[in-house]
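Peer 1: Encoded as structure tokens, here's the structure I'll be asking about.
The values are calculated or read from the model by the stated rules, or taken from the named source; none is laboratory data. Please read all numbers here as calculations on a predicted model, not as lab measurements. Methodologically, a virtual Cβ is constructed for each residue, glycine included, from the backbone with ideal geometry; neighbour enumeration extends over all protein chains shown. Side chains are part of the model used for accessible areas, which takes the heavy atoms of the whole protein and leaves out ligands, DNA and RNA. Shrake-Rupley method; radii C 1.70, N 1.55, O 1.52, S 1.80 Å.
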Amino acid sequence: MKKTLVLAGVACLFSVSANAMDWEREFRPYIGLDYVYSHADYKDLVREPKKSYNSGAVNVGTWITHYASLEAFFQQSAETKSFDKTEYRVKTEFYAYGLDAYGYLPIGCNGLNLLGSLGMANYNMKAKYKTGNIDKQRLGYRAGIGAQYDFNENFSARVVGRYSYIGAKHLDNLMEVTAGIRYTF
């Protein structure tokens, strides 16, 4: 009986180590850089012309399966100047950091994937007025759809359209388009 248990234990160890190779292949980390164009819905805080931002984003993620990944990101916008309803100059900017879950669906072409994402982010909005400053943080929810093309096993490019609900007093949501590259280790 003891020999049978020892042999069964050894067989389990070999099967676990054989599966470890698959786990290493599945859990592959990657890094990426994105350009982000954001259009903000400010609830009538500023006049029409300057509600858009140009941002850069850095992200780090890992594949969990062939069809799913988790990704942490940091995004920083450039400062935008506009005028409020009383014609005072307003300078606004934001930064965000959070976590997104991505799902991938390979389609006909080799290397082309449709993708969807859901995530959460902490948004920090800053506005500088003539009369004072506003600096607010708010947790927001994000959802996006897009496509990714894998050039080879390591390099890929991706484009995503995303809706981010923030629900702050002056900033309701962001509509974003991102385009970037990824390197998978």
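Peer 1: How big is the gap, in Å, between the Cα center of the stretch 98-129 and the Cα center of the stretch 141-161?
Peer 2: 8
Peer 1: Under the definition of Cα pairs under 8 Å and six or more residues apart, what whole-number percent is the relative contact order of the stretch 56-185? Present the calculation step by step, with values, prior to reporting the outcome.
Peer 2: Working: 311 pairs, mean separation 20.6, N = 130.
It comes to 16 percent, rounded to a whole number.
Peer 1: Counting only heavy atoms of protein chains, what accessible area per residue, in Å², does the stretch 89-146 have with a probe of 1.4 Å? Provide the component values of the computation, followed by the final result.
Peer 2: Values: 3240 Å² over 58 residues.
Averaged over the residues of the stretch 89-146, the accessible area is 56 Å².
Peer 1: Rounded to a whole number of µm²/s, how large is the Stokes-Einstein D of the stretch 29-185 at 10 °C and 1.306 mPa s, given Rh as the Kirkwood radius over C-alpha pairs?
Peer 2: After rounding, the answer is 97 µm²/s.
Peer 1: Set the Förster radius R0 to 30 Å, insert the Cβ-Cβ distance between K128 and Y37 as r into 1/(1 + (r/R0)^6), and round the FRET efficiency to 0.05.
Peer 2: On the way: r = 22 Å, r/R0 = 0.74.
Calculated transfer efficiency: 0.85.
Peer 1: Related question: Between V60 and I145, what is 0.36 nm times their sequence separation minus the Cα-Cα distance? Round to one decimal in nm.
Peer 2: Details: separation 85, 0.36 × 85 = 30.60 nm, distance 1.87 nm.
Stretched fully, the V60-I145 segment lengthens by 28.7 nm.
Peer 1: While we're looking at this one, here's another question. For the stretch 91-175, which whole percent of the accessible surface, found with a 1.4 angstrom probe, sits on carbon and sulfur atoms?
Peer 2: Numbers: 2800 of 4610 Å².
Using a 1.4 Å probe with all protein chains present, the stretch 91-175 comes out at 61 percent carbon and sulfur.
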